[in-house]
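All remarks here apply to the structure that follows.
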């Protein structure tokens, strides 16, 4: 009995630092965000309780284009799952077969993940500038005339959303590829060999042996891709700023409201929506994968 | 024994984490009541300052000079400063105020930006400290934007206006020996430039560069409607619902539609546009007078500076300008050495005003008692324009509180992109700005 009590105390004491950090860094800010979201507050002055006024405003007013922001985030999530992950899977399967130069191609594809997003943003800004590489390439191919396409403009003639999506998808292909590559490599060689002896083609081996074996890795990739899209911020902010509406996502709206407009209450309300959505999607994806198991 | 040791280690870890808390976080209000006259500047203490004078900032040199002078004068004060880029500084200072963890001295913009911190009681009142400096600054004019409820909270540094820069070599090529003095003449000049395939104006309007568009819109509204109208709207004393303002915005859009602006401008940032102007791609560039020093440094660049011409002489006149003292230093109310910081800030503000003026980064907010014979001719001309002015309206995004300024800038971006016309612009702002 005494030993059991001592063990329990030890467990509590050992867990305490981690628990303090968990509650202090994760739970407390979330609770505070929920609290602040019920107020109209500029961050330094008096707080005015407005109940769910911020939530109501973000879905009914054009001043905080939350509906558009969520649509853009969901579009990004859809494209991530529909384009980015299949590309990553294709690369992982190809490299997983032990082709010549496997390590080299692995490193090349993973390189964009290692580069700072700020650097990538600046590189793509240079590509997108009116007299930049992309417009010159399109002009040399005869696709555009004298008039430049304004890729990073937030107006009706701009192509900001498309301009943000392309580098975002490109940057993380390597990340998911590496996750999936590990999954491909973890498939027992005996299984592949057995399938081949039975007359399966390479594609059939991948389709019926490798991919089903890496379902857990695929689940993790889908969760990362979807929640990452809902939290997308850096590249959009660099290319389009936080005030833009044509490529606004919840994170840029949060920053805009919180720091440009000094609306801490509204920024917190957006944060609450983001937290709920990320949790909801993670649970949903888990459920979908579990059901198929 | 091992368990006891492990337990002790964990307890030590927890205690060390708790010890990381900042004991100095509480606001030291007692220092607020110390009269400046009694401030002992000889005692040893440390002061910190946050500002936006990063390495690439045109004001960097003046900060380095001023700080070197202050360190030499007060070797007992351990002064540390940190510069953050303009766009990153705004969220940083706001977050710091929310957390009550601000530097002793901080850079700020006047009017609404500083006003929100003052209203929340976070800024140290400088009335006592100013008494010693009363004869060195025109307080009525220069401290107007940092005075709230009759109390002074900021130290103005330099003053800038929106100026019309003209490349005289390009203008000469279309038959102009001087900057067009009337609006009609300016339009004729633009047509002549267009006929020669020269872009008249360069304006950056890419992401987060909307402030550059306001450098055109605000002077046009002012010269079409009068300074008082615009000033009242920015101050919240009049509604945006004004037909003259709508007309002025349409004038600006007409200029865009006629092809007077670089069609690529909406995808360019201000640095690129400025470099294009220096490279001779545009005839005119309207932006802050802080650019004088950079233009004056370029060999062979023949630039003249003037104010935007009057559009409606019945409502406006020359001498009505956009600008004023905005760059400001202030003292955090929670500073342990607030009284020392206040005096230090006032002295340093004077030096920053001096070195900023000598470097051509702006006009002095403090009285000039030093040799100014070496100042570049562009800055001298701006000083002349300001001396002849009789009304200055502060930049809209500085004059308005953050929430309203954000809406205003978003609507300005729509004007440039042709998404709204003057009438929609004024009606949108009337409805959205509370």
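Tabulated results
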read-out	value
Residues being touching a strand residue (DSSP E or B) at 6+ places or on another chain (Cβ under 7 Å) and either more than 10 Å from chain A (Cβ to nearest Cβ) or more than 18 Å from residue B:211 (Cα to Cα) (or both) - total across the range B:262-273	1
Residues of the range A:235-263 that turn out to be touching a helix residue (DSSP H, G or I) at 6+ places or on another chain (Cβ under 6 Å) and outside any loop (DSSP other than H, G, I, E, B), as a count	14
Identity of the residue in the range B:362-421, in a strand (DSSP E or B) and not assigned by TED's automatic domain parsing to the domain that holds residue B:286, that ends up surrounded by the fewest Cβ atoms within 10 Å (Cβ to Cβ)	B:364
The range A:117-164, residues that are within 27 Å of residue A:71 (Cβ to Cβ) and more than 9 Å from chain B (Cβ to nearest Cβ)	A:117, A:118, A:120, A:121, A:124, A:127, A:134, A:159, A:161, A:162, A:163, A:164
Residue within the range B:422-433 that is within 23 Å of residue B:251 (Cα to Cα), assigned to a loop (DSSP other than H, G, I, E, B) and modelled with pLDDT of 95 or more present	no
Some residue of the range A:22-34 being over 26 Å from the mean Cα position of the chain (by Cα), within 14 Å of chain B (Cβ to nearest Cβ) and assigned to a helix (DSSP H, G or I)	no
Candidate set from the range B:54-87 (those that are in contact (Cβ under 8 Å) with a residue 40 or more places away in the chain and under 29 Å from residue A:255 (Cα atoms)); member that is surrounded by the fewest Cβ atoms within 10 Å (Cβ to Cβ)	B:87
Criterion (surrounded by fewer than 23 Cβ atoms within 10 Å (Cβ to Cβ), in the same structural domain as residue A:42 (by TED's automatic domain parsing) and closer than 30 Å to residue A:45 by Cβ) met by exactly one of A:215, A:231, A:196, A:219	A:231
Answer from A:275, A:211 - the residue that is outside any loop (DSSP other than H, G, I, E, B), more than 14 Å from every other protein chain (Cβ to nearest Cβ), touching a residue at least 12 places away in the same chain (Cβ under 8 Å) and over 20 Å from the mean Cα position of the chain (by Cα)	A:211
Any chance residue B:150 is surrounded by fewer than 17 Cβ atoms within 10 Å (Cβ to Cβ), away from every other protein chain (no Cβ under 14 Å), farther than 17 Å from residue B:346 by Cβ and more than 21 Å from the chain's Cα centre (by Cα)	yes
Conditions (1) assigned to a helix (DSSP H, G or I); (2) under 20 Å from the mean Cα position of the chain (by Cα); (3) away from chain B (no Cβ under 14 Å): number failed by residue A:232	(1)
Test: residue A:83 is surrounded by fewer than 17 Cβ atoms within 10 Å (Cβ to Cβ), over 16 Å from the mean Cα position of the chain (by Cα) and over 26 Å from residue A:255 (Cα atoms)	no
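The values are calculated or read from the model by the stated rules, or taken from the named source; none is laboratory data. Quick caveat: nothing in here was measured; it's all calculated off a predicted structure. Using ideal geometry, Cβ is built from the backbone for each residue, glycine included, and neighbour counts are taken over all protein chains shown.
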